[in-house]
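Heads up: the structure comes next, in structure tokens.
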Amino acid sequence: MFKKLLMLLCALFIAAPSMASAGFGTGIGITFPASGSSTKTIGNTYAALQLEQLTEELTLQERHGRLLLELKVSNNGDTPYTINHRNGQIYDFLITDKNGKKMWQWSDGMAFTQALCTTTIAPHSFEVYKAELDSKDYRKIKDDAVLVTAYILDTPCKLSAKLPTIIASNSTPVLIHGGVIFGSR
């Protein structure tokens, strides 16, 4: 329908004799969508907190079906920051459902030394702690999992963020707009 209308309007425009006189006319504007797109992307998730001289940042990324978890702890102070641990485990990540039920924990099945240990972050420096949930295990819990909590053991802070979700975004379609004037110039 649009193609026939466009061909008719173009034929009228080309076939109209060109006159060098002024007059009245009318116009019609035609807009044709040239393209349109709708994309789905996975939004990464981020949370942060600052307590005294420490800044903690939690970043969650879904990449190739895997869930990548990263906890960055920065010492913004001018003195070293030391944490005394009851054992060899320094950090942990926990994934829960909407009711707070544990679905996955990074430290499950791991063995840590039972000796006391310390972690020291130098002034104006940082430490990064990472974990990865492989695609097979992530697929099992993905539909029910809601929240990731990350923390440094033996500190009062826990940082939580929602799991990455699919974000649908519609881009503005490309349009071609043209006009045809009827009447004399």
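Of the residues making up region 48-76, those that are among the aliphatic types (A, V, I, L, M) and either over 14 Å from residue 134 (Cα atoms) or open to solvent by less than 20 Å² (accessible area, probe 1.4 Å) (or both) are 48, 49, 51, 54, 58, 60, 67, 69, 71, 73.
Only a single item in (1) in contact with a helix residue (DSSP H, G or I) (Cβ under 7 Å, 6 or more places away or on another chain); (2) modelled with pLDDT of 95 or more is not met by residue 80, and it is number (1). Strands (runs of 3 or more DSSP E) fully within region 103-171 that include at least 2 residues being open to solvent by 60 Å² or more (accessible area, probe 1.4 Å) and within 19 Å of residue 47 (Cα to Cα): 125-133, 165-170. Scanning region 65-81 for residues that are touching a residue at least 12 places away in the same chain (Cβ under 8 Å), closer than 19 Å to residue 117 by Cβ and out of contact with any Asp or Glu (no Cβ under 9 Å at 6 or more places or on another chain) turns up at least one hit.
Restricting attention to region 125-162, the residues that are in contact (Cβ under 8 Å) with a residue 12 or more places away in the chain and among the basic types (Lys, Arg) add up to 4.
The numbered conditions (1) among the β-branched types (Val, Ile, Thr); (2) in a loop (DSSP other than H, G, I, E, B); (3) open to solvent by less than 40 Å² (accessible area, probe 1.4 Å) are all true for residue 79 except (3).
The values are calculated or read from the model by the stated rules, or taken from the named source; none is laboratory data. Only a predicted model underlies this, so the values are computations on that prediction, with no experimental measurement involved. When we count neighbours, we look across all protein chains shown, and the Cβ atoms used for this are built from the backbone with ideal geometry, even at glycine. Note: areas computed on protein heavy atoms with side chains; ligands, DNA, RNA excluded. Shrake-Rupley method; radii C 1.70, N 1.55, O 1.52, S 1.80 Å.
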